[in-house]
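Undergrad: Quick one: the structure is below, and I'll ask about it shortly.
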Amino acid sequence: MLQPAQFFDLEGQEAAPLFEGLERVWEALGRIAAFSRQDIGALAAEVRRSGEVLSRTHVLWQGRVLTEGFELRPGDATEGRFEVFSRGERLEGATVIYAGAALLSDDIELGQGVVVEPGALIKGPTRIGDRTEVRQGAYIRGSCHIGRACVVGHATELKNAVLLDGAKAAHFAYVGDSILGREVNLGAGTKLANFKIVEGPVKFKVKGETVETGLRKFGAILGDRTSLGCNSVTSPGTMMGPHSLVAPNMTVPPGFYRRRTVIRPRP
C-alpha cells in the first residue's frame, strides 16, 4: 500500500528509475537531488558564461549556442508550436532562453524545445524535459525533475519536486517536497504546504493506523490526472490517488485519498 504504482503510470517516464524498489511513494523525495544531477550536459554551463542573468536571448540547438541570426515565432511550447528559424530553416527542437532569465548553477539540463521566459530563475540540480515552458517570474530552487510538456508558470516556486509529463503549475503555485503525476493540473494560487507549524515529522492515519513518514518536510503526492481548483491548499503529507478533484478554495487535510476522490464544500 502507498507504493508508486498506486499513484503513477511510470511507463515511458524519464523519472521512472527514481521510484524503483520503493515501498512507500514518499521515499522518492530523498532521491530527487541525486537523480536530477545524473548525466547533466554542458550547454547550460556554456550559457552561464555570458552572465548569471542573460543580457541576450540564447538558442540551444544541436549542441550549439546561438546568440544572433535567428527568428523566434512564439507559440505553445508544450504542443511544439514555438518555432525558431535561422536563414529560412526551421531549427527543429531548438531550446530558447530569453534575455533576463537566470541560470545560477551549471547542473541544469534543458531538453529540446524548452522555453525559459524573461525573469525566470533556475538553480540546480534541475532537469527540464522536452517542450516544457518555464514562464516569466518562475522560481525553480533546485533538486527538481520536470518532465516533458510541463508548465512552470508565473510566480510559481518549485523546490525538491518532481513533475511527470504534462503536469502544470501554471499560475502563482508553490510546489515543495512534492510529486505531481502525469497531466496533474494546479489551479491558480494552489499551495502544496510542506512544513508543519508544530514540531515533529509528518504523520497521518490510514484505515485507523498512524503512518510515520520520518520526514519533517513533505508536501503532496498527486496521482495522475488529478486537478486542484484555484486557491486550494494541501496540508503536509497529502496523498491523492489518480483522477481526483479538489474544488477551489478548499484545504485538504493530510492522509491518503483513493483514486477519483472528490473534495468539495459540504452542502
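Undergrad: Might you let me know whether region 160-167 holds any residue that is polar (S, T, N, Q), in a loop (DSSP other than H, G, I, E, B) and in contact with an Asp or Glu (Cβ under 9 Å, 6 or more places away or on another chain)?
TA: No, that holds for no residue.
Yes or no, residue by residue, for (1) in a strand (DSSP E or B); (2) of a type outside the set (A, V, I, L, M); (3) at pLDDT below 95; (4) out of contact with any Cys (no Cβ under 9 Å at 6 or more places or on another chain):
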{"residue": "158", "(1), (2), (3), (4)": "yes, no, no, no"}
{"residue": "169", "(1), (2), (3), (4)": "yes, no, no, no"}
{"residue": "197", "(1), (2), (3), (4)": "no, no, yes, yes"}
{"residue": "200", "(1), (2), (3), (4)": "no, yes, yes, yes"}
{"residue": "242", "(1), (2), (3), (4)": "no, yes, no, yes"}
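Condition check ((1) closer than 23 Å to residue 12 by Cβ; (2) in contact with a strand residue (DSSP E or B) (Cβ under 6 Å, 6 or more places away or on another chain)) across all residues:
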{"residue": "76", "(1), (2)": "yes, no"}
{"residue": "85", "(1), (2)": "no, yes"}
{"residue": "92", "(1), (2)": "yes, no"}
{"residue": "96", "(1), (2)": "no, yes"}
{"residue": "100", "(1), (2)": "no, no"}
{"residue": "121", "(1), (2)": "no, yes"}
{"residue": "130", "(1), (2)": "yes, no"}
{"residue": "137", "(1), (2)": "no, yes"}
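Undergrad: Is it fair to say residue 69 is surrounded by 15 or more Cβ atoms within 10 Å (Cβ to Cβ), assigned to a loop (DSSP other than H, G, I, E, B) and at pLDDT 90 or above?
TA: No.
Undergrad: A further question follows. Could you tell me whether any residue of region 122-139 is more than 30 Å from residue 249 (Cβ to Cβ), assigned to a strand (DSSP E or B) and either touching a residue at least 40 places away in the same chain (Cβ under 8 Å) or among the hydroxyl-bearing types (Ser, Thr, Tyr) (or both)?
TA: yes
Undergrad: Next up: In this structure, does residue 84 turn out to be closer than 30 Å to residue 18 by Cα, crowded, with 17+ Cβ neighbours inside 10 Å and β-branched (Val, Ile, Thr)?
TA: Judged against the criteria, residue 84 is not a match.
Undergrad: How many of the residues in region 236-260 are hydroxyl-bearing (Ser, Thr, Tyr), closer than 17 Å to residue 173 by Cα and crowded, with 19+ Cβ neighbours inside 10 Å?
TA: 1
Undergrad: I would also like to ask the following. Of the residues that make up region 197-216, is at least one buried (at least 22 other Cβ atoms within 10 Å of the Cβ), touching a residue at least 12 places away in the same chain (Cβ under 8 Å) and within 15 Å of residue 156 (Cβ to Cβ)?
TA: The answer is no; no qualifying residue exists.
Undergrad: Could you grab the pairs with beta carbons closer than 7 Å, sequence gap of 6+ or different chains, first residue in region 223-235 and surrounded by 22 or more Cβ atoms within 10 Å (Cβ to Cβ), second one of a type in the set (Asp, Glu)?
TA: Sorted first by the residue in region 223-235, then by its partner, the pairs are 224/9; 224/183.
Undergrad: Kindly indicate whether any position in region 217-227 is β-branched (Val, Ile, Thr), more than 19 Å from residue 151 (Cβ to Cβ), at pLDDT 95 or above and under 15 Å from the mean Cα position of the chain (by Cα).
TA: Yes, region 217-227 contains at least one residue that is β-branched (Val, Ile, Thr), more than 19 Å from residue 151 (Cβ to Cβ), at pLDDT 95 or above and under 15 Å from the mean Cα position of the chain (by Cα).
Undergrad: Read through the list (1) over 21 Å from residue 188 (Cβ atoms); (2) touching a helix residue (DSSP H, G or I) at 6+ places or on another chain (Cβ under 9 Å); (3) in a loop (DSSP other than H, G, I, E, B), then give the number of the only condition that residue 145 fails.
TA: (3)
Undergrad: Now, a different point. For residue 106, are the conditions met, namely being out of contact with any strand residue (DSSP E or B) (no Cβ under 9 Å at 6 or more places or on another chain), part of a loop (DSSP other than H, G, I, E, B), of a type outside the set (Ser, Thr, Tyr) and closer than 22 Å to residue 242 by Cβ?
TA: Criteria not met by residue 106.
Undergrad: Just the residues that are within 19 Å of residue 258 (Cα to Cα), of a type in the set (D, E, K, R) and either in contact with a helix residue (DSSP H, G or I) (Cβ under 6 Å, 6 or more places away or on another chain) or surrounded by fewer than 15 Cβ atoms within 10 Å (Cβ to Cβ) (or both), please, taken from region 1-23.
TA: 23
Undergrad: Would you say residue 33 is outside any strand (DSSP E or B), modelled with pLDDT of 95 or more, within 21 Å of the chain's Cα centre (by Cα) and surrounded by fewer than 15 Cβ atoms within 10 Å (Cβ to Cβ)?
TA: For residue 33, the condition - outside any strand (DSSP E or B), modelled with pLDDT of 95 or more, within 21 Å of the chain's Cα centre (by Cα) and surrounded by fewer than 15 Cβ atoms within 10 Å (Cβ to Cβ) - is not met.
The values are calculated or read from the model by the stated rules, or taken from the named source; none is laboratory data. Note that the structure is predicted; figures quoted are calculated from it, not measured. Reconstructed Cβ throughout: ideal geometry from the backbone, glycine too, with neighbour counts over all protein chains shown.
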